[in-house]
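Have a look at the structure below before the remarks.
The values are calculated or read from the model by the stated rules, or taken from the named source; none is laboratory data. Because the structure is a prediction, the values reported are computed rather than measured. Every residue, glycine as well, gets a Cβ built from its backbone with ideal geometry; the counts of neighbours run over all protein chains shown. We work out accessible area using only protein heavy atoms, side chains counted, and drop any ligands, DNA or RNA first. Shrake-Rupley method; radii C 1.70, N 1.55, O 1.52, S 1.80 Å.
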Amino acid sequence: MNSAVIEILAPRYQIAWYPWAVQYFFMIALAYASLWLALPGLLGARRWKATARYALLGAMTTAIVAPIALLADLHQPLRFWHFYAYFTPWSWMSIGSLMLPPFVFAIIALAWLVWREPMLAWRTRDDMTGLIARIATLGGWQTPRFAVVALALFAAVMSFAIAIYTGSEVAILKGRPLWNTQWLLPFFAATGFIGAAGLVLVLNRFTGARDADTDRNMLMVVVAAAVVTALVALAWALEGIFVEDSSVAAAIQSVRHSAEWRSTAIWSLSIGASMTLVSFLLVWRNGARIWGWIIGLVALHLAWMARWNVLMDVQTVQKQTAGYLEYVVGWGSSGWLGVIGTFGLWIALLLVIDMFVPWKQALDGPADAPAEKTDISAKGVPSHG
Amino acid sequence: MDLARRMFMGQLARLAAGASLVPLATVAEAAINDQPPRRGGDPTKRYAMLIDLRRCIGCQACTVSCHLENDAPLGKFRTIVSQYEVDDPETGDMSTFFLPRLCNHCDNPPCVPVCPVQATYQQEDGIVVVDAERCVGCAYCVQACPYDARFINDKTQTADKCTFCTHRLEAGLLPACVESCVGGARIIGDLNDPESTIARMIAEHRDELQVLQPEKGTLPHVFYLGMDERFVDRPEAFASIWEIRGTDNEELHYEFSGH
Ligand code: SF4
Ligand code: SF4
């Protein structure tokens, strides 16, 4: 027989990871998934070369912004060197701090090797771009092909480590039953691919070239990654039916008593399903060129929302007191300012690279084509011109 | 929670209270997320607390004295007493239940191995502490603790939690909460000393003792006597007061934050 229990004066336990964490997990997943999308083109697949140009730009910029967001989520950011002074091999976060620099530097070096090739032609210019090209290329030598391949493979290996550590770091936490599932690893990775493919679609639209192969490739990646995400969710739910005290039980508990959780679940499911269906139709009916970028924006939104739901919303489920924390995202640097700031930094970085680096000519891209002018559109996608 | 599950949890809680008393071998293993070796503190001791709920009157004297002793920021607590009103549908009676909460100084503390800089560690006397000079404020340990025993201290921007008042224990004093407990419900002591009050009480009540969330395998070292099984896990309860709002619907308690 159930009796009614009232908790008089339930203390509110605040969230401990801020939206910065969402930004980090979002950016880093875009970085490693974009790298994978760039791999076929980097290794020589002809129809993936244009894709590789966008994906490498995406990987490089997100790999730079991600660690900055991570640093900002520390309450003592100036003590970040403690990570290296007191390495702790039994802590996933410490392991991650060791994996992150080689991954980021490998991607930066890879982009440099690939981009300095077309940059060589700019060395003779006598404006600012010429000066930068003369400095940044570090001499007039040709980039050895094996170096690109070797670095790409090294970065790919590191990206595995990043995907595993970012997932495990959260999945091992017994304190939050909703996180405590190994299915979180493939979930983060698959939704990361949705986001990265979306990013490439958007870059493809707004930086001018509008490569048809890229649109097609990326829509197929969106469909495949969405199917994998659905399978992961299914596997997680099935496990919940057979294993007691799993994170599924906690999830059902959350959804049952909270209208917000219910609407979140319904929103994600319906957006995800429509995105997959429309992507599939676009590939099938050749509508990718016109509508691909919209799918791109939806995919980015989904990948970001997935992390917001997992990292922020789960923290509002109280661990042992009644009810939910009514978390309102503040305007300060640990709230929206941080979210907007990270995106702003990212876009600024994209613009600077677009201005000073002939990235579009890399990987046998079209020679110095006149830039097509486009407007800044929704979500602050950089314009080119 | 239905009855069968409640009884199951209760049994588990009792078994786990027993299991908690078998010292965990503290050999360090190389595996990720395993417990690192303990360091510091008196290796001959194992501190623990027994809370005799039959004696707790829910006065929050411990909450207040701890707050003053340890200079915790407003709205965050190293210890607090949960207060419940339980409605008995059979008799129609209303009863109250008080549950003091604090760090359990677990024998298998999930907060320790996650810390990326070893700022959180367990002393050889079992007390789990934070080195605030080393802590980077990543809040990983806050997430890892299933008991909400940790928080980020707004003043120091580092992790904060109950330390069993080590600074007082070292000076031969009792922790602030124990000292101020009106009903004498909180008993602290050394489990390794068979003559200590706590060791004797544990020997006497071994079968009745319970710990919180035993299924998490944390082996808590705060033992409860007179525990209601419904509260071993997160209780299915309604929160009656979240925050105190004034007539203008603004939260009131921040008014006092400048004190
Ligand atoms: S109660 Fe929480 S903070 Fe205390 S030792 Fe256990 S896991 Fe760590
Ligand atoms: S907040 Fe401090 S004590 Fe806690 S895990 Fe991070 S560094 Fe360690």
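Quick check: net charge around residue A:25, other residues with Cβ under 13 Å of its Cβ, Lys/Arg +1 and Asp/Glu -1?
Around residue A:25, the charge tally is -1.
Can you list residues from other chains, or at least 5 along the same chain, whose modelled amide H is less than 5 Å from the amide H of residue A:10?
Amide H neighbours of residue A:10, under 5 Å, 5+ apart: B:240, B:241.
Would you kindly state how much longer the chain becomes between residue A:220 and residue A:43 on full extension, computed as 0.36 nm times their sequence separation minus their alpha carbon distance, in nm to one decimal?
61.7 nm
Beyond a 27 Å Cα-Cα separation, which of these cross-linked pairs lie in this structure: A:319/B:161; B:155/B:216; A:319/B:155; A:319/B:45?
B:155/B:216; A:319/B:45
Taking the Cα centre of the protein assembly as shown as origin, work out the dipole magnitude from +1 charges on Lys and Arg Cβ and -1 charges on Asp and Glu Cβ, in debye rounded to 20.
Rounded to the nearest 20 debye, it is 2600 debye.
Comparing the chain by itself with all protein chains present, which residues of region B:223-238 are at least 50 Å² less accessible (probe 1.4 Å)?
B:234, B:236, B:238
Just which residues of region A:65-107 lose 20 Å² or more accessible area with every protein chain there, against their chain alone, with the probe set to 1.4 Å?
Relative to the lone chain, where solvent access is computed with a 1.4 Å probe, region A:65-107 loses at least 20 Å² at A:74, A:75, A:76, A:79, A:82, A:83, A:86, A:88, A:90, A:91, A:92, A:93.
Kindly express, to the nearest 10 degrees and within the range 0 to 90, the angle between helix A:145-171's C-alpha long axis and the longest C-alpha principal axis of chain A.
10
Work through the residues other than residue B:181 whose Cβ is under 12 Å from its Cβ and net out their charges, Lys, Arg +1 and Asp, Glu -1. Let's see the in-between values first.
Details: positive: B:55, B:186; negative: B:52, B:179.
Local charge sum for residue B:181: 0.
Could you sort the residues of region A:318-335 by number and keep only those whose accessible area is reduced by 50 Å² or more in the all-protein-chain setting relative to the chain alone, 1.4 Å probe?
Residues of region A:318-335 that lose at least 50 Å² of accessible area once the other chains are added: A:319, A:320, A:322.
Quote the FRET efficiency, to the nearest 0.05, computed for residue B:90 versus residue A:105 with a Förster distance R0 of 60 Å and r equal to the Cβ-Cβ distance.
Numbers: r = 68 Å, r/R0 = 1.13.
For residue B:90 and residue A:105, the calculated efficiency is 0.30.
Got a sec? Which residues in region B:44-73 would a label at residue B:200 touch, if it sits 7 Å along Cα→Cβ and we count backbone N under 19 Å?
Only B:46-53, B:55 fall inside the zone, counting backbone N under 19 Å.
Could you tell me the calculated FRET efficiency between residue B:167 and residue A:121, based on Cβ-Cβ distance and R0 = 56 angstrom, to the nearest 0.05?
Using R0 = 56 Å, I get an efficiency of 0.25.
With every protein chain kept in place and ligands, DNA and RNA left out, what is the accessible area per residue of the protein assembly as shown? Probe 1.4 Å, answer in Å².
It amounts to 43 Å² per residue over the protein assembly as shown.
Set the Förster radius R0 to 22 Å, insert the Cβ-Cβ distance between residue A:270 and residue A:239 as r into 1/(1 + (r/R0)^6), and round the FRET efficiency to 0.05.
Efficiency at R0 = 22 Å is approximately 0.40.
Simple spin-label model, 7 Å along Cα-to-Cβ: residue A:285 to residue A:259 in nm?
Roughly 3.7 nm, to one decimal.
To the nearest 100 Å², how much accessible surface do chains B and A cover up together, summed over both, with a 1.4 Å probe?
Chains B and A together bury roughly 5700 Å² of accessible area.
Give the carbon-plus-sulfur fraction of the accessible surface of region B:139-224 in %, rounded to a whole number; probe 1.4 Å, heavy atoms of protein chains only.
Of the solvent-accessible surface of region B:139-224, carbon and sulfur hold 51 percent.
So what is the 222 nm mean residue ellipticity for the protein assembly as shown from helices alone, if each DSSP H run of at least 4 adds -39500 (n - 2.57) and you divide by all residues, rounding to the nearest 500 deg cm²/dmol?
-16000 deg cm²/dmol
Tell me the relative contact order for region A:1-114 as a rounded percent, counting alpha carbon contacts under 8 Å between residues six or more apart.
Once normalised by length, the contact order is 25 percent.
Residue B:43: net charge of surrounding residues, Cβ under 9 Å, Lys/Arg +1, Asp/Glu -1, itself excluded?
So the surrounding residues net to -1.
Report, to the nearest whole %, how much of the accessible area of region A:77-186 belongs to carbon and sulfur atoms, 1.4 Å probe, protein only.
Reported share for carbon and sulfur atoms: 77 percent.
Please build a GNM for chain A, connecting alpha carbons under 10 Å apart, and tell me which residue among A:225, A:233, A:196 fluctuates the most.
A:233
Taking amide H atoms as placed 1.01 Å from N in the peptide plane, list the residues 5 or more away in sequence, or in a different chain, whose amide H sits under 5 Å from that of residue B:237.
Amide H neighbours of residue B:237, under 5 Å, 5+ apart: A:323.
For helix A:288-307, report the angle its Cα long axis makes with the longest principal axis of the Cα atoms of chain A; keep it between 0 and 90° and round to the nearest 10°.
40
Measure off 7 Å from each Cα along the Cα-to-Cβ vector at residue A:252 and residue A:348, then give the distance between these two points in nanometres to one decimal.
About 4.9 nm separates the two model spin labels.
With everything on Cα atoms, drop me the angle between helix A:336-356 and the longest principal axis of chain A, reported from 0 to 90° to the nearest 10.
10
Each residue of region B:82-93 in order: what ³J(HN,Hα) in whole Hz does its phi give by Karplus 6.51 cos²θ - 1.76 cosθ + 1.60, θ = phi - 60°, with x for Gly and Pro?
So the J values, rounded to whole Hz, are 6, 10, 10, 10, 10, 9, 8, x, 6, 9, x, 7.
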